[in-house]
Amino acid sequence: MLPSRVAEPELSADVAVDTVIIGAGYTGISAAKRMHELAPSDEIAIIDSSEIGEGNPGRNSGFLLEIALANDADPSQLHRMRQCNELIAASLGKIVKAVESSSIDCQLKRMGTYRGAAGKQGLKSLHQYAAFLEAAQLPYQDLNRGEMEQNLGTQFYQRGLYSPHCYLAQPAALIRCLADELPDKVHLFENTPAISLQQSGGRWLIKTANSEISARKVMLTNNAFAKSLGIGKSQLVAMYTYAGITPVLDPALLQTLGSDTSWGLLPTHRLGSTLRKTEDGRLLVRCLYAYEKEINSALVRQELSRNLVKRFPQLANTELEHIWGGAVGFTMNGGAVFGEIKPGLFVSAGCNGGGVVKGSLFGELLANLASGQPVPDVSALFGKASWMPPEPIRSLGFKLVSGLERFRGQAEI
């Protein structure tokens, strides 16, 4: 949906740098910028196996939350939550500033976000999130079914909540914008996958398809794919999530889809559907999870369409124009894999679906850590990824837990 872009060249010759960053998403780009600020004379390389915007950073739903995710919100730990919110808000402020100075239209606007509850489980989660917002003295609106229908054009939700603390963006445009803001001293190489990683003679060697990189420091910011380089295997899983978007809808149909011209809705249940109405008059739906591997695209299209029509019956004759998927790094307890794993090897992985602002924050903190700067206790604030059992116990556990979650939250799905 964006104009074509010319990718930066693949790395095709051996190089030696001070720092190499593997993964040019929000975390990697944020880490690169901060490293340059702290060590402007250092040579910094950032590599990505794909192209800017083609991976997960361009495939998310475009929510940039100013406050902690609903799953992280805990009204009994307000001091910790306030610290998290301050860090997240500061990181978001830097993203907004970068967008304001860019010529790329990221469609970034502070639109707020809705949350909707259709059944008992959703109402319970909605009540808990409202309790956190009240305790933190953060404004929100409590909405009944009629008000949700008035604003969004759907009778699906019994109750809703609107919070102003969220920006909406075109995510592929946003990651392009941030990549374009990289300093000249930071060398970006696209279509350059890291094949292996090993330590030799006090330096790190990264083998790519057609080159080798030697570096004093390595930052792994490739989320779930850190596992392929031997990091976080007992803590991370790759969960594939799927989205679809309609064509630009007919004006008469748009009039039935609520008074808000552009909005975003996040589910109260982890298996629920994320929804967006875009500025140009499309509806986006994100739902459906697959464990460690992608599933059949026909099934994806069928399930996405079913979930969308379930919420908006007036779209029964509307086909999805595009469908796509992306891999999200999940941990069992929602905590992060963060820190210096070995001397000179730093990692930030396990975004758990909150990788735009939170990932950008972690990238900056990782650069501070690698440069010997003060860093808040990330594990205490955001949690530390717990151990997962090996396969096949892990996949069996996922099937059992997801099955139970689907049963409990079936009204939300």
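Each reported figure results from applying straightforward, stated rules to the coordinates on display, with no laboratory input. Quick caveat: nothing in here was measured; it's all calculated off a predicted structure. Methodologically, a virtual Cβ is constructed for each residue, glycine included, from the backbone with ideal geometry; neighbour enumeration extends over all protein chains shown.
General observations
- Globularity ratio of the stretch 178-254, using Cα Rg and 2.2 N^0.38 Å: 1.67
- Cα centroid separation, the stretch 24-96 to the stretch 220-250 (Å): 16 Å
- Relative contact order (%) - the stretch 320-403, alpha-carbon pairs under 8 angstrom, separation at least six: 32 percent
- When each of the peptides 326-336, 118-128, 350-360 is scored by the mean number of other C-beta atoms lying within 10 Å of its residues, the order from highest to lowest reads 350-360, 326-336, 118-128.
- About the Cα centre, charge dipole magnitude for the chain (Lys/Arg +1, Asp/Glu -1 at Cβ), debye: 1320 debye
- Summing Lys and Arg as +1 and Asp and Glu as -1 over all other residues whose Cβ lies under 13 Å from the Cβ of Ser228 gives a net charge of +2.
- For the peptides 12-19, 389-396, 145-152, the ranking by mean Cβ contacts within 10 Å, running from highest to lowest, is 145-152, 12-19, 389-396.
- P(r) tail fraction, the stretch 181-221 - alpha-carbon pairs more than 13 Å apart, %: 59 percent
- Summarised in one figure, the compactness ratio Rg/Rh of the stretch 15-122, Cα atoms and Kirkwood Rh, is 1.04.
- Highest-first arrangement of 49-62, 21-34, where packing means the average Cβ count within 10 Å: 21-34, 49-62
- Number of Lys-Lys pairs in the stretch 143-301 with C-alpha atoms under 28 Å apart and a separation of 8 or more places or on different chains: 10.
- When only Cα pairs below 8 angstrom with a gap of at least 6 residues are kept, the chain shows a relative contact order of 24 percent.
- Local charge for Glu37 was computed over the other residues whose Cβ lies under 13 Å away, with Lys and Arg +1 and Asp and Glu -1, and equals +1.
- Residue of Leu265, Leu249, Leu308 that the Gaussian network model of the chain assigns the largest fluctuation, springs spanning Cα pairs under 10 Å: Leu249
- P(r) for the chain, from all Cα pairs and a bin width of 10 Å, is 5, 22, 33, 26, 12, 3, 0 %, short bins first.
- Calculated P(r) tail over 21 Å for the stretch 267-413, as whole % of Cα pairs: 57 percent
- For the stretch 144-191 versus the stretch 315-385, the spacing of their alpha-carbon centroids is 17 Å.
- Near Pro313, once Lys and Arg are set to +1 and Asp and Glu to -1 for all other residues with Cβ below 13 Å from its Cβ, the sum equals +2.
- Beta bridges assigned by DSSP with both partners in the chain are antiparallel in approximately 70 percent of cases.
- Mean separation of Cα pairs under 8 Å and 6 or more residues apart, divided by the residue count, gives the stretch 225-349 a relative contact order of 34 percent.
- Helix axis angle, 171-180 relative to the chain longest principal axis, alpha carbon, degrees: 30 degrees
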